[in-house]
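Contents: one structure, followed by commentary.
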């Protein structure tokens, strides 16, 4: 969640910001919402909420049905600049596809967005394990997932500490390690190994493995990850075959994105 915008910032349109809050309210299972529900989720009054969602409707970003609103595919235009500006279809997908075929698992590329990781590209192998929740635009918490952890592990220390302090209670599950000292040890191990593994901490019975992707300044810009049934790969196979190939793919992807 973005930090609140100061009311005295004269260079910012608060109305536009409120409109974005309304769009973001349609998240997860909340696909269809009434004006009252939107107002409750955004903290805006009903009159303002109604004007904003009606504007979205008139612009084609939302549709109304029996007092409830839902977003339309028109909202995908909002991310077109991000996708096309980074040449994700032309650059990222071929690398992910080749990597998926090499290691025999579907692969994903995620990037940090506020206090979560968001998937921006996938290469699926139809015959391999996957989850319905893993789609372009889906978001996962940082602490219980391999993709989130590996991004945290390679952030500068001050930036990582600031981000950890901002994580909401929903950023972890009952199985997530939250003790500061033990978490620091886990992230140190990620840096030592060059990859992170999460085993059943986010989804019961599902493991994930991730490696960092760096930009031209050697700053972590995202993570390549795979998911598989818990205990689906032996530790020796991960360390000796899968992780090194993922690291090679991450290096290629980082270079291509520069």
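Give, as ranges by residue number, the residues of segment 91-120 whose backbone N falls under 18 Å from the point 7 Å along Cα→Cβ of residue 251.
From segment 91-120, the list is 95-96, 98-100, 102-103.
Each label point is 7 Å from the Cα along the Cα-to-Cβ direction; what then is the distance between the points at residue 184 and residue 50, in nm?
5.4
For segment 14-72, max minus min Cα coordinate along each principal axis, in Å, sorted largest first?
Taking max minus min along each principal axis of the Cα atoms, segment 14-72 gives 26, 22, 19 Å.
Is segment 177-258 best put as rounded, prolate or oblate by its Cα gyration tensor, with a ≥ b ≥ c the root eigenvalues, rounded for a/c under 1.5, and otherwise prolate when a/b is larger than b/c, oblate when not? Don't skip to the answer; put the middle values down first.
Numbers: a/c = 1.96, a/b = 1.32, b/c = 1.48.
Note, shape of segment 177-258 comes out oblate.
To the nearest 10 degrees, how steeply does helix 46-58 sit against the main Cα axis of the chain, on a 0 to 90 scale?
70
Label residue 175 and residue 11 with points 7 Å out from Cα along Cα→Cβ: what is the distance between them in nm?
Here the answer is 4.6 nm between the modelled labels.
Once the convex hull of the C-alpha atoms of segment 86-256 is built, how many Å³ does it hold per residue, rounded to a whole number? Walk me through the numbers before you get to the answer.
Values: hull volume 18.8 nm³, N = 171.
Dividing the Cα hull volume of segment 86-256 by its residue count gives 110 Å³.
Mind jotting down the distance between the C-alpha centroids of segment 207-234 and segment 136-173, whole Å?
That distance is 13 Å.
Relative to the first principal axis of the alpha-carbon coordinates of the chain, what is the inclination of helix 14-25, with its axis defined by its Cα atoms, in degrees from 0 to 90 and to the nearest 10?
Between the helix axis and the principal axis of the chain, the angle is about 60 degrees.
Points 7 angstrom from Cα along the Cβ direction at residue 124 and residue 191: gap in nanometres?
Result: 3.7 nm between the two label points.
Compute the long axis of helix 180-193 from its Cα atoms, compare it with the longest principal axis of the Cα atoms of the chain, and write down the angle in degrees, 0 to 90, nearest 10.
Result, in degrees: 60.
Please report 57, 157 as a ranked list, fewest other C-beta atoms within 10 angstrom at the top and most at the bottom. Don't skip to the answer; put the middle values down first.
Details: 57 14, 157 7.
So the residues, fewest neighbours to most, are 157, 57.
So what's the back-of-envelope 222 nm ellipticity for the chain, counting only DSSP H runs of four-plus at -39500 (n - 2.57) apiece and dividing by all residues, rounded to 500?
On the way: 9 runs with 100 residues, N = 258.
After summing the helix terms and dividing by residue count, I get -12000 deg cm²/dmol.
No lab work stands behind these numbers, since they all come straight from the coordinates. Since this is a predicted model, take the numbers as computed values, not measurements. Every residue, glycine as well, gets a Cβ built from its backbone with ideal geometry; the counts of neighbours run over all protein chains shown.
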